[in-house]
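These notes are about the structure you will find just below.
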Amino acid sequence: METSCLFCRIVAGEIPATVVHRTETTIAFRDIDPKAPTHVLVIPTSHYADVIALAAEPSAAADVLAAAAAVAEQEGLGDGFRVIFNTGPHSGQEVFHVHAHVLGGAPLGPMLA
Ligand code: 5GP
Ligand code: ZN
């Protein structure tokens, strides 16, 4: 755990979050500022700064994707959803503990206009 990391502190239970799904290696919780009717963040319980670091650990990456798929099913997103990993300054990444945004619950519109 990195004591200065917001999401490590959520994993540790030091900061409250609305947890919707857990596995041995992941937790998923509702985004505090949702950008869609369903907006859940899926994170590995271990600290990786971004998706590049996560990709270097294939089993951890697979666990995060499997949890994202499970969250989409649990949240009833059968009509479609989006999974986003913001990475680096051009993406606007603000929290440097990798997280998959799972967004859905309404038509999301084209992402690339
Ligand atoms: P990023 O821009 O790093 O990809 O996304 C960070 C996300 O974390 C944002 O969507 C933001 O609303 C969310 N967030 C920031 N602080 C908190 C928090 O304390 N709790 C929860 N549940 N979400 C947070
Ligand atoms: Zn962390």
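All of the numbers you see were taken from the coordinates with simple rules; none came from a lab. Computed from a predicted model, the values in this text were never measured in an experiment. Note that each Cβ is placed from the backbone with ideal geometry, even for glycine, and that neighbours are counted across all protein chains shown.
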### Query
So who's got an amide H within less than 5 Å of the one on T26, skipping anything under 5 residues away but keeping other chains? H placed 1.01 Å off N, in plane.
T45
### Task
Calculate the all-directions average of the projected area of region 1-62's alpha-carbon convex hull, and give it in nm².
4.6 nm²
### Query
Taking the chain as the region of interest, what is the percent of Cα-Cα pairs per 5 angstrom bin, listed from the shortest bin to the one with the maximum distance?
2, 12, 23, 26, 21, 12, 4, 1
### Message
Given an 8 Å cut-off on Cα distances and at least 6 residues of separation, report the relative contact order of the chain as a percent.
### Response
30 percent
### Task
Quick one: dipole size for the chain, taken about the Cα centre, charges +1 on Lys/Arg Cβ and -1 on Asp/Glu Cβ, in debye to the nearest 20.
160 debye
### Task
For the chain, find the longest principal axis of its Cα atoms and tell me its angle to the long axis of helix 58-74, 0 to 90°, nearest 10.
40 degrees
